[in-house]
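A.B. asks: Have a look at this one before I ask anything.
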Amino acid sequence: MFIDRDILSKTPEELKEILAGYNEPGYRAVQIFHWLHRKKAGSFSEMTDLPAGFREKLQADFSIFGAKIEKKLVSCIDDTVKYLLKLFDGELVEAVLMKYRHGYSMCISTQGGCKMGCSFCATGMGGFTRNLTASEMLSQIYAAEKDMGVRVSNIVLMGMGEPLDNFDNTIGFLELVSHKEGANLSLRHVTLSTCGIVDKIYELAKFKFPLTLSVSLHAPFDEVRTKLMPVNKKWGICELIEACKTYIDMTKRRISFEYALIDEINDSDECALQLSRILKGMLCHVNLIPANAVSGKDHKKSSKERMDRFKSILEKGGLNVTIRRTLGADINASCGQLRGRRDFGEVNFHETIG
């Protein structure tokens with residue numbers, strides 16, 4: 001019933017089919033789509049160029065499932081904004097809006113919680129509740145744009161959840177956000193992050209989207225990666241790297257490998273040398289990440305000296321490497337930390353409650 005009523009997840013082509021049952025002209029599909037995705041209408045009553053009777057029928061048969069800002073934290077350091085958003089059924093998800101010189105980038109969630117159970121991640125600690133629809137992914141962006149009066153120009157599917165574990169809805173989101181009658185955002189400005197769902201990487205490659213695939217690797221040895229990321233029990237590093245090579249071959253797109261440096265776990269010279277070996281010759285980029293401190297976890301980020309040393313070894317191995325700049329450090333901007341707690345203690349941020 002929820003899916004049937006979810007008008008925000010429907011393409012103009014799907015809307016046109018629906019309108020045939022109302023004996024309404026097909027061009028109204030684009031009108032509705034513009035109201036939803038360009039003007040960000042929150043109700044059918046706002047769609048003033050549609051006949052009043054038709055709006056009443058839409059109201060009776062469909063819903064616009066938006067996202068309500070439950071809590072908002074604004075960094076005093078770099079203007080990063082972290083949102084806790086409430087969906088129609090009370091589900092809470094997180095999203096982060098980041099300001100760069102080139103514009104605004106937003107990290108959004110694709111699931112309520114996460115099943116993957118990565119040992120260094122806060123999201124999985126709260127468990128998994130459900131997949132998000134394409135409209136619920138979009139509504140995170142629309143809520144932030146309306147709140148801040150800005151346009152989001154880059155999107156990162158790297159918030160709560162595993163996008164490829166919610167494959168169909170993620171594909172639906174990509175098709176909607178890039179639709180020429182909607183936000184018309186080039187998928188070159190979209191990054192999709194995965195922990196390594198190998199069969200879905202092959203499936204995603206078939207679409208040949210011009211997005212950036214970001215693969216969370218975090219270790220070059222199966223023994224270490226399995227301890228950090230349970231998904232490695234099903235698909236080991238060799239299978240994952242083979243899937244990535246196929247993806248690159250089919251899409252001609254460079255892959256970004258994410259690697260969170262954790263003190264005395266995956267930051268040794270041996271790890272750096274092995275990482276250089278397994279990625280040698282690939283069209284890829286390595287993004288080294290200072291591991292986030294997570295309450296209830298023992299992991300500590302590597303020292304700056306160790307990170308620099310690790311980076312140097314990779315570069316000598318011929319890899320393109322950067323160390324990610326930390327944004328929103330004072331508001332715990334990595335996802336999963338806001339949803340799971342209500343007592344924020346003494347931290348340096350501006351807080352607003354919706």
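A.B. asks: Using amide H atoms built in the peptide plane, which far-off residues or other-chain residues are under 5 Å from D263 H to H?
C.D. replies: Under 5 Å from the amide H of D263 lie the amide H atoms of K300, K301, S302, each far enough along the sequence or on another chain.
A.B. asks: Run through all the Cα pairs of the range 162-293 and give the fraction in each 5 Å bin from 0, expressed as whole percent.
C.D. replies: 2, 10, 20, 23, 19, 13, 8, 4, 2, 0, 0
A.B. asks: Determine the equivalent ellipsoid of the range 117-171 by diagonalising the alpha-carbon gyration tensor, then write out the semi-axes as square roots of 5 times the eigenvalues, largest first, rounded to whole Å.
C.D. replies: For the range 117-171, the ellipsoid semi-axes come out as 23, 14, 10 Å.
A.B. asks: On to the next question. Of all DSSP beta bridges located in the range 68-353, what percent are antiparallel, nearest 5?
C.D. replies: Bridges in the range 68-353 are about 50 percent antiparallel.
A.B. asks: Could the peptides 307-320, 208-221, 235-248 be put in order, highest first, of the mean number of other beta-carbon atoms found within 10 Å of their residues?
C.D. replies: Going from most to least packed, we get 208-221, 235-248, 307-320.
A.B. asks: In µm²/s, what is D for the range 211-271 at 37 °C and 0.692 mPa s, where D = kT/(6 pi eta Rh) by Stokes-Einstein and Rh is the Kirkwood radius from Cα pairs?
C.D. replies: Here the translational diffusion coefficient equals 266 µm²/s.
A.B. asks: Along each of its three principal axes, how wide is the spread of alpha-carbon positions in the chain, in whole angstrom units, largest first?
C.D. replies: That works out to 69, 49, 36 Å along the principal axes.
A.B. asks: Once you treat every alpha carbon in the range 173-215 as an equal point and sum by Debye, what is log10 I(q)/I(0) at q = 0.25, 0.30 Å⁻¹?
C.D. replies: These q points yield log10 I(q)/I(0) values of -0.90, -1.10.
A.B. asks: What Kirkwood Rh does the range 1-89 have if only Cα atoms enter the pairwise 1/r average? Answer in Å.
C.D. replies: Every distinct Cα pair counted, the radius reaches 14.7 Å.
A.B. asks: Mind checking which aspartates and glutamates have their Cα closer than 20 Å to the Cα of K68? Skip sequence neighbours fewer than 8 apart in that chain.
C.D. replies: Within the straight-line cut-off, K68 pairs with D6, E46, D89, E91, E94, E136, E145, D147, E351.
Readers should treat all values here as calculations from the given coordinates under stated rules, not as data from a laboratory. None of the values given here were measured: they were computed from a predicted structure. We place every Cβ from the backbone using ideal geometry, glycine too, and count neighbours over all the protein chains shown.
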